[in-house]
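**Q** Before anything else, here's the structure in question.
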Amino acid sequence: MRRAAIAALAATMTLGAIPGAFAEGYESKPEAAERDPDYAAGKKAIADKNWGEAIARLMQAEKRDPDNPDLQNWLGYSHRNLKHYEAAFKHYNRAIELDPRHRGAHEYVGETYLLVGNLAGAERHLAALREICLLPCDELKDLEAAIARYKQR
Amino acid sequence: MRIRLLPPLCACAALAAGGALAHDDESPAKLAGKLGTVNFANSCDPKVQPAFERAVAMLHSFVYNVAEKAFAEIFDEDPTCAIATWGYASILMSNPLAGIGPTADNAKKAQAMLARGRAAGAKTERERDYIEAVGAYYDGWETRPEKERQILRSKAYQAVAAKYPDDDEAQIFNALYLASTQSQADQTYAAYLQAAAVLEREFRKNPDHPGVAHYLIHSYDAPPIAEKGLPAARLYASIAPAAPHALHMPSHIFTRVGSWEESVATNRRSFQASTASGDIPEAYHASDYAVYALLQLGRDADAKRTMDEAMRVTGATPAQTAYTYGASAMAARYALERGDWKSAMRLQVIPSKMPFTDANTYFARALGAARSGDIAQAQAEAANLAAAHKALEEAKNRYWATEVEVQRLAIAGWIAHKQGDAAEGVKLMRAAADLEDRNEKHIVTPGRIVPARELLGDMLLEQSQPAAALKEYETSQVREPNRFRNYYGSMVAARAMGDEAKARQYAGRLVTLTEKGDGTRPEIANAKMVFGQR
């Protein structure tokens with residue numbers, strides 16, 4: 001996961017989830033998920049790189065919000081850092097199932113495939129990102145770079 | 001008890017209420033008039049019955065502030081009327097089909113009122129079940145996402161409806177909250193159609209019920225099923241003409257089927273009722289729908305007058321989506337639907353708290369600039385759209401992020417096209433159209449500022465690919481029927497293909513569509529020529 005994403009997460013922790021003014025008038029209120037104490041604690045644990053705690057708290061939040069692709073993505077990321085690759089794939093794939101255009105999940109699952117030596121798997125998600133990112137996106141660039149580095153090893 | 005709610009409100013109701021329900025008398029402009037027939041059996045004191053039935057009728061037509069006050073006053077008047085706290089909490093959920101839910105303050109108010117209702121103890125098990133059903137939504141409200149609350153509410157009402165199969169109100173509220181679980185990504189419209197099946201039965205039994213007609217319109221508010229909503233749409237305004245929302249809602253169906261005259265008429269009434277009752281966002285919402293319809297009819301002067309009249313109404317805030325969306329969309333539509341690219345480029349952003357309403361203006365300015373050949377301004381506006389998109393993504397607002405992504409793709413496509421990269425232009429514009437087709441339009445809008453697939457048709461036409469253009473125009477007609485620019489593009493494409501019969505067919509449709517219009521747009525003169533009228 002990009003350092004920028006972690007920095008943004010840390011900033012969110014500090015500043016509060018979503019600017020309050022954005023709450024009004026939205027089709028849904030995603031900040032409500034952020035107010036879930038377990039979800040918030042899980043994200044704080046990720047910012048602190050406390051992966052075990054992150055998984056425990058996010059799994060509590062998952063019981064109340066099982067269809068949240070971001071939550072699944074964070075679970076995948078936490079498992080990946082503990083080298084629980086099977087669990088990481090499960091959560092990343094669930095995130096993509098819930099939101100097939102989830103750019104972050106495509107990037108991170110692609111990177112996870114590289115960690116287990118599965119270049120073809122990473123390239124499948126690179127292809128998906130090329131379809132999604134007709135307008136330039138960081139996730140595509142980052143996965144391209146990761147694959148290029150992998151090939152140079 | 002069955003009460004026919006007729007104007008004038010008050011002689012009968014105030015007498016029955018022992019004169020205690022002064023609220024009704026205080027707000028005659030807000031409440032005078034018919035709200036439909038509701039039969040909600042309850043154990044409250046007879047003196048509050050008329051007011052209670054009327055409050056439930058208002059709940060069914062989303063008359064928010066007045067109904068909130070009415071339920072509170074009923075509970076004050078009869079502290080044993082615990083079911084009034086159910087009504088109070090229900091109206092504070094706001095429009096359940098918008099997926100927004102109450103503000104945090106309103107949720108607290110609802111929870112406090114429900115606690116009072118539970119403490120008072122309803123006299124019947126059925127009333128207690130209703131209170132617990134709305135309680136399922138509010139209990140733990142602070143820690144649940146709106147989607148989860150919606151599902152809990154729907155399950156609770158499903159249980160109430162199953163337990164009381166002869167209770168029409170239980171069936172109707174169950175249908176409403178079931179329809180409210182409809183995902184905008186589900187194009188089988190499963191929840192809508194399940195709700196509609198219940199409501200159709202109720203419609204036969206209760207043809208004057210405001211909720212039945214109202215929720216049928218919502219349950220059919222999707223392109224392939226909209227025709228089924230026409231009977232309810234044509235009745236609802238006459239069932240509850242006192243409710244501004246009832247005057248507006250039929251136009252959701254009229255827009256879907258391209259019945260513009262009906263949309264204009266009902267939104268005109270809604271605008272007047274909304275301004276009279278001080279519901280400013282609803283006034284803008286109705287005006288946006290009316291302007292959309294008027295522009296399809298070529299009634300440009302009326303569209304301008306309607307927009308200007310709305311823009312003179314003050315009192316809305318930048319946090320009110322219906323206001324900021326309506327205000328920004330009307331101006332964008334007025335320029336783009338008339339092909340007035342220069343005016344589109346000069347539009348001003350309506351200050352808002354919502355990046356997706358700002359995006360309406362960025363999109364219009366960008367399209368105006370691109371189509372005028374001003375690539376530098378188009379690129380600047382594309383950057384504004386990218387910032388709005390990023391803000392929505394960071395807020396995890398997927399729906400509106402996708403809508404703005406469609407706009408970004410479209411603008412990138414037009415920039416590429418105008419820079420001479422025809423293939424890249426079509427690729428991006430097609431991606432925009434495909435993405436838009438997979439994302440249902442939101443109820444805040446009668447339609448996208450310009451349908452992406454129609455824009456794809458325009459681009460293909462400029463690239464001298466009339467057959468491909470016509471295909472896109474005709475595909476667009478399925479979801480966005482009876483549109484001025486579509487018919488004109490179709491006519492031009494057919495002519496370029498040498499298909500004079502089809503060109504004449506589309507010219508005829510455009511001439512018919514605009515026969516009460518100003519006749520000022522050059523497209524109308526061209527259509528008349530092709531149709532053989534001049």
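Here, each number is a calculation from the coordinates, and none is a lab measurement. Predicted model only: the values in this text are computed from it and were never measured. As a convention, Cβ positions derive from the backbone with ideal geometry for all residues, glycine included, and neighbour counts pool all protein chains shown.
**Q** Can you pull the Rg over Rh of chain B, Cα-only, Kirkwood?
**A** So for chain B, dividing Rg by the Kirkwood Rh gives 1.01.
**Q** While we're here: Please report the spacing between the Cα centers of the range B:383-425 and the range B:439-488 in Å, no decimals.
**A** Between the Cα centres of the range B:383-425 and the range B:439-488 lies a distance of 18 Å.
**Q** Now, a different point. Relative contact order for the range B:93-201 using alpha-carbon pairs under 8 Å, separation at least 6, rounded to a whole percent? Intermediate results must be reported in sequence, preceding the final value.
**A** On the way: 104 pairs, mean separation 24.0, N = 109.
Answer for the range B:93-201 is 22 percent.
**Q** Now for a separate question. For the residues B:F71, B:F203, B:F484, what sequence is obtained by ranking on other C-beta atoms within 10 Å, fewest first?
**A** B:F203, B:F484, B:F71
**Q** Subtracting the Cα-Cα distance from 0.36 nm times the residue separation, let me have the gained length for B:K123 to B:T188 in nm, one decimal. Before the final figure, lay out the partial values.
**A** Details: separation 65, 0.36 × 65 = 23.40 nm, distance 4.18 nm.
Result: 19.2 nm gained on full extension.
**Q** How much mean residue ellipticity at 222 nm does the protein assembly as shown get from its helices, if each DSSP H run of length 4 or more adds -39500 (n - 2.57) and you divide by all residues, to the nearest 500 deg cm²/dmol?
**A** -22000 deg cm²/dmol
**Q** Then there is this: May I ask you to derive the relative contact order of the range B:124-267, considering only C-alpha pairs under 8 Å and at least 6 residues apart, and to give it as an integer percent?
**A** 14 percent.
**Q** Take the cross-link list A:K63/A:K90; B:K108/B:K396; B:K109/B:K396 and give me the ones stretching past 18 Å between alpha-carbons. Intermediate values should be presented prior to the final figure.
**A** Values: A:K63/A:K90 16 Å; B:K108/B:K396 24 Å; B:K109/B:K396 27 Å.
Result: B:K108/B:K396; B:K109/B:K396 exceed 18 Å.
**Q** To continue, here is another question. Taking the Cα atoms only, what angle lies between the long axis of helix B:321-336 and the longest principal axis of chain B, rounded to 10 degrees?
**A** Rounded to the nearest ten degrees, it is 20.
**Q** So, in nm, how far is label B:A41 from label B:D139 when the simple model puts each one 7 Å beyond its Cα toward the Cβ?
**A** For B:A41 paired with B:D139, the spin-label model returns 2.6 nm.
**Q** Highest mean first, what order results for A:61-74, B:511-524, B:358-371, B:96-109 on Cβ atoms within 10 Å?
**A** Per-residue Cβ counts within 10 Å, averaged per peptide and sorted highest first, yield B:358-371, A:61-74, B:96-109, B:511-524.
**Q** Here's something else I'd like to know. If R0 is 30 Å, what FRET efficiency do you get for B:A387 and B:D308 from their C-beta distance, rounded to 0.05?
**A** Efficiency, from the Cβ-Cβ distance: 0.50.
**Q** Would you mind calculating the gained length between B:D76 and B:K342 on full extension (0.36 nm times residue separation, minus the Cα-Cα distance), in nm to one decimal?
**A** 89.9 nm
**Q** Obtain the nm distance between the two label points defined at B:T512 and A:K63 by a simple spin-label model: each point lies 7 Å from its Cα along the Cα-to-C-beta direction.
**A** 6.1 nm
**Q** Less than 26 Å apart at the alpha-carbon level, and either on another chain or at least 8 residues along: which lysines does that give for B:K34?
**A** Counting by Cα, and skipping residues close in sequence, B:K34 has these lysines nearby: B:K47, B:K69, B:K205, B:K228.
**Q** Let me know the mean shielding of B:385-394 by other chains, meaning the per-residue number of their Cβ atoms within 10 Å of its Cβ. Numbers along the way, then the final one.
**A** Working: counts 1, 2, 0, 0, 1, 0, 3, 2, 2, 6.
Mean partner shielding for this stretch: 2.
**Q** List residues of the range B:73-96, by number, whose backbone nitrogen lies under 16 Å from a label position 7 Å along Cα→C-beta of B:A115.
**A** Label zone hits: B:85-86, B:89.
**Q** Further question: Inside 10 Å of the C-beta atoms of B:395-407, what's the mean count of C-beta atoms belonging to other chains? Walk me through the intermediate numbers first.
**A** Details: counts 10, 13, 8, 9, 3, 4, 1, 2, 1, 0, 4, 0, 0.
Across the residues of B:395-407, the mean count of other-chain Cβ atoms within 10 Å is 4.
**Q** For the peptides B:457-469, B:161-173, what is the packing order when you average, over each peptide's residues, the other Cβ atoms within 10 Å and list the highest mean first?
**A** B:457-469, B:161-173
**Q** Taking 0.36 nm per intervening residue step and subtracting the Cα-Cα distance, what contour gain separates B:T520 from B:R204 on full extension? All intermediate terms of the calculation are to be shown ahead of the outcome.
**A** Numbers: separation 316, 0.36 × 316 = 113.76 nm, distance 4.58 nm.
Gain on extension, B:T520 to B:R204, equals 109.2 nm.
**Q** Averaging over all projection directions, find the projected area of the Cα convex hull of the range B:318-362 and quote it in nm² with one decimal place.
**A** 2.6 nm²
**Q** Fewest first, what order do B:C81, A:C133 take by the number of other Cβ atoms within 10 Å? Show your work: numbers first, answer last.
**A** Numbers: B:C81 28, A:C133 18.
Ordered from fewest to most neighbouring Cβ atoms within 10 Å, B:C81, A:C133 come out as A:C133, B:C81.
**Q** Does the range B:362-439 come out rounded, prolate or oblate, given a ≥ b ≥ c as the square roots of the eigenvalues of its C-alpha gyration tensor, rounded meaning a/c under 1.5 and, failing that, prolate meaning a/b above b/c?
**A** oblate
**Q** When you take every Cα atom in the protein assembly as shown, what is the radius of gyration, and what is Dmax, the widest Cα pair distance, in Å?
**A** So, for the protein assembly as shown, Rg and Dmax equal 26.6, 88 Å respectively.
**Q** May I ask you to derive the relative contact order of chain B, considering only C-alpha pairs under 8 Å and at least 6 residues apart, and to give it as an integer percent?
**A** 9 percent
**Q** On to the next question. Going by how many other Cβ atoms sit within 10 Å of their own, how do B:S277, B:S94, B:S476, B:S287 line up, fewest first?
**A** B:S94, B:S277, B:S476, B:S287
**Q** Ok, one more. What is the diffusion coefficient of the range B:316-466 in µm²/s, taking the Kirkwood radius over Cα pairs and the Stokes-Einstein relation at 37 °C with a viscosity of 0.692 mPa s?
**A** Roughly 218 µm²/s, to the nearest whole number.
**Q** For the range B:323-340 and the range B:170-209, what is the centre-to-centre distance using only Cα atoms, to the nearest Å?
**A** First find each Cα centre; the distance between them is then 32 Å.
**Q** Express the C-alpha Rg of the range B:225-367 as a ratio against the empirical globular expectation 2.2 N^0.38 Å, rounded to two decimals.
**A** Cα Rg divided by the expected 2.2 N^0.38 Å: 1.02.
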